[in-house]
Each structure stands twice: as structure tokens, then as C-alpha cells.
Amino acid sequence: MNNIIFFGPPGAGKGTQAKIISEFLKIPHLSTGEILRSKILEKDKLAKKLNEIMSSGKLVSDEILNSIVSSQLEANKKNGFILDGYPRSSNQLEFLRNYLQKSSINIDFIFNISIEFGILRERILKRSSEENREDDKLEVIETRYSEYISSTKIVSDSYKNSHNDIFYEIDGSLKIGEITDKIKKILKKS
């Protein structure tokens, strides 16, 4: 069983890699972004609120995400999981640590996909034209990247300091297949 966290700024490729590795290891890929985007399609009050938050580039509240993630982890804790887009804040980090400790679950691998903002911006704008995503507009990208630097990067750095033995930096400017190969090599070594 493998329990994995993917970190990286929006557009770095963590979702793509998480999907590939999910299929490779046959474990669930828990993407908060995908879960939230599918919730928006439900068109209820929460969906409307989520749409407003996400289309502005702001982060969804810790309370909402903690609730979503804990229910997903509870359903998948026996098989292993890949977390993508969570934890993003100090509160989420504490919530996850407490949940994992209470459930006697360990994280086995943490992958941080790092990439320069210029490359990221071009990649996200390309994705926007291909997938027509509301949250891929330039001003939203800048807001999301700023949120990443002020919040998620701090969480990822915390893991780097406290879990150095399972924390792996991956160059996000490489091609998708090259990134996948690097991750698979790390997984196979352990």
C-alpha cells in the first residue's frame, strides 16, 4: 500500500502525474480540484459559492476541504491513496496530521513538482484554451500562484523539513513522460 502527496504550484503537472501514478499503482487519486469542479456542476448553493471562490482564484475554505478529504480518505484508507491539491494551508496540514495519526496511516512518498512561473503561465494558458476551464484566466493564475507561494509552499516546505527521507523534488519543466519516469524510479526503489 502506498500513501502519496503531490505538491506543486497550479499548472505544474501534479494532477497529470497523480492520475498516471494512480493507474500505475492501482490506488485512488483524490484530487480536491476535480472533486470541487464536479461539485460545482451540481448547481446548488454550495456549488454557486464554490464557483465564485474558484473562478476568482481564491482558495476554498479549510472547513470545506477538510470535510471532503476526510470522507474520501475514510473511504480509501485501506487501499492507499494519492492526495493532489491537499493540504494547502497550515490548518489543513494540522487536520491531516491529526487524521493520519488517529487512523494509524503513514505517508510513504511526497513529490514536489517545482517549476518557474513563466513556464507555468504559458502552460496554464494553453490548458485554458484546450479545456476551457474558468479558473485558467491570467489574473486568476496570478492570484492562484500568489496563494500557492503564501500558503501551500509553506506547507510543502514543512513536509520537506519534517519528512526529508520521503520528500522528493521533481523538475516540472521536463516533459510529462520524463517526470513520470523519475517518479516511477523512486517508487520502485522503495
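The values are calculated or read from the model by the stated rules, or taken from the named source; none is laboratory data. In this text the structure is predicted, and so the values were computed from the model without any measurement. Using ideal geometry, Cβ is built from the backbone for each residue, glycine included, and neighbour counts are taken over all protein chains shown. Just so you know, the surface numbers come from the protein's heavy atoms only, side chains and all, with ligands and any DNA or RNA stripped out. Shrake-Rupley method; radii C 1.70, N 1.55, O 1.52, S 1.80 Å.
His29 versus (1) open to solvent by 10 Å² or more (accessible area, probe 1.4 Å); (2) farther than 23 Å from Lys126 by Cβ; (3) not acidic (Asp, Glu): which is the lone unmet condition?
Condition (2) is where His29 drops out.
Would you be able to tell me the number of residues in the range 144-190 that are of a type in the set (Gly, Ala, Ser) and either open to solvent by 50 Å² or more (accessible area, probe 1.4 Å) or within 14 Å of Leu120 (Cβ to Cβ) (or both)? Give the steps one after another, and end with the answer.
Step one: list which residues in the range 144-190 are of a type in the set (Gly, Ala, Ser), which gives 146, 150-151, 156, 158, 162, 172-173, 177, 190.
Going one step further and asking which of them are either open to solvent by 50 Å² or more (accessible area, probe 1.4 Å) or within 14 Å of Leu120 (Cβ to Cβ) (or both), we end up with 146, 150, 162, 172-173, 190.
Qualifying residue count for the region: 6.
Against the condition free of Cβ contacts under 8 Å to residues at least 60 places away in the same chain and surrounded by fewer than 17 Cβ atoms within 10 Å (Cβ to Cβ), how does Gln72 come out, does it pass?
Working: free of Cβ contacts under 8 Å to residues at least 60 places away in the same chain: yes; surrounded by fewer than 17 Cβ atoms within 10 Å (Cβ to Cβ): no.
So Gln72 does not fit the description; no.
Residues in the range 113-127 that are touching a Gly at 6+ places or on another chain (Cβ under 6 Å) and either open to solvent by 70 Å² or more (accessible area, probe 1.4 Å) or not in a loop (DSSP other than H, G, I, E, B) (or both): how many? First the steps, then the outcome.
As a first pass, look at the range 113-127 and keep what is touching a Gly at 6+ places or on another chain (Cβ under 6 Å): 113-115, 120, 123-124.
Going one step further and asking which of them are either open to solvent by 70 Å² or more (accessible area, probe 1.4 Å) or not in a loop (DSSP other than H, G, I, E, B) (or both), we end up with 113-114, 120, 123-124.
Residues in the range 113-127 being touching a Gly at 6+ places or on another chain (Cβ under 6 Å) and either open to solvent by 70 Å² or more (accessible area, probe 1.4 Å) or not in a loop (DSSP other than H, G, I, E, B) (or both): 5 in total.
Every residue, every condition in (1) surrounded by 16 or more Cβ atoms within 10 Å (Cβ to Cβ); (2) closer than 17 Å to Leu30 by Cβ; (3) at pLDDT 90 or above; (4) among the acidic types (Asp, Glu), yes or no:
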{"residue": "Ser67", "(1), (2), (3), (4)": "no, yes, no, no"}
{"residue": "Gln101", "(1), (2), (3), (4)": "no, no, yes, no"}
{"residue": "Asn106", "(1), (2), (3), (4)": "no, yes, yes, no"}
{"residue": "Ser129", "(1), (2), (3), (4)": "no, no, no, no"}
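Would you mind finding the one in Lys160, Lys102 that is under 16 Å from the mean Cα position of the chain (by Cα) and more than 20 Å from Thr32 (Cα to Cα)? So that I can check it myself, show each step before the final result.
On the way: Lys102 fails: under 16 Å from the mean Cα position of the chain (by Cα).
Answer to the selection: Lys160.
Given the conditions (1) surrounded by fewer than 20 Cβ atoms within 10 Å (Cβ to Cβ); (2) modelled with pLDDT of 90 or more, and given that Ser89 satisfies all but one, which numbered condition is not satisfied?
For Ser89, the exception is condition (1).
So which residues in the range 115-163 are in contact (Cβ under 8 Å) with a residue 60 or more places away in the chain, closer than 29 Å to Lys77 by Cβ and of a type in the set (S, T, N, Q)?
Ser151, Thr152, Ser156, Ser158
Can you pull out the residues in the range 32-46 that are part of a helix (DSSP H, G or I) and either under 19 Å from Gly15 (Cβ atoms) or open to solvent by less than 70 Å² (accessible area, probe 1.4 Å) (or both)?
Residues of the range 32-46 part of a helix (DSSP H, G or I): 32-40, 45-46.
Hits for the range 32-46 are Thr32, Gly33, Glu34, Ile35, Leu36, Arg37, Ser38, Lys39, Ile40, Leu46.
Quick one: Ile20 ticks every box in (1) in contact (Cβ under 8 Å) with a residue 60 or more places away in the chain; (2) part of a helix (DSSP H, G or I); (3) out of contact with any Ser or Thr (no Cβ under 6 Å at 6 or more places or on another chain) except a single one, so which number is it?
Evaluating Ile20 over (1) in contact (Cβ under 8 Å) with a residue 60 or more places away in the chain; (2) part of a helix (DSSP H, G or I); (3) out of contact with any Ser or Thr (no Cβ under 6 Å at 6 or more places or on another chain) leaves (3) as the failure.
Taking the range 64-85 only, how many residues are of a type outside the set (Val, Ile, Thr) and in a helix (DSSP H, G or I)?
Going residue by residue through the range 64-85, those that are of a type outside the set (Val, Ile, Thr) are 65-67, 70-81, 83-85.
From what's left, in a helix (DSSP H, G or I): 65-67, 70-76.
Residues in the range 64-85 being of a type outside the set (Val, Ile, Thr) and in a helix (DSSP H, G or I): 10 in total.
Only residues that are open to solvent by less than 30 Å² (accessible area, probe 1.4 Å) and modelled with pLDDT of 95 or more: list them for the range 9-26, please. Write out each step before concluding.
Taking the range 9-26 as the starting set, the residues that turn out to be open to solvent by less than 30 Å² (accessible area, probe 1.4 Å) are 9-15, 17-18, 21-22.
Correct list: Gln17, Ala18, Ile21, Ser22.
Just give me the residues in the range 47-63 being part of a helix (DSSP H, G or I) and in contact (Cβ under 8 Å) with a residue 12 or more places away in the chain, in sequence order.
To start, the set of residues in the range 47-63 that are part of a helix (DSSP H, G or I) comprises 47-55, 62-63.
Hits for the range 47-63 are Leu50, Asn51, Met54, Ser55, Asp62.
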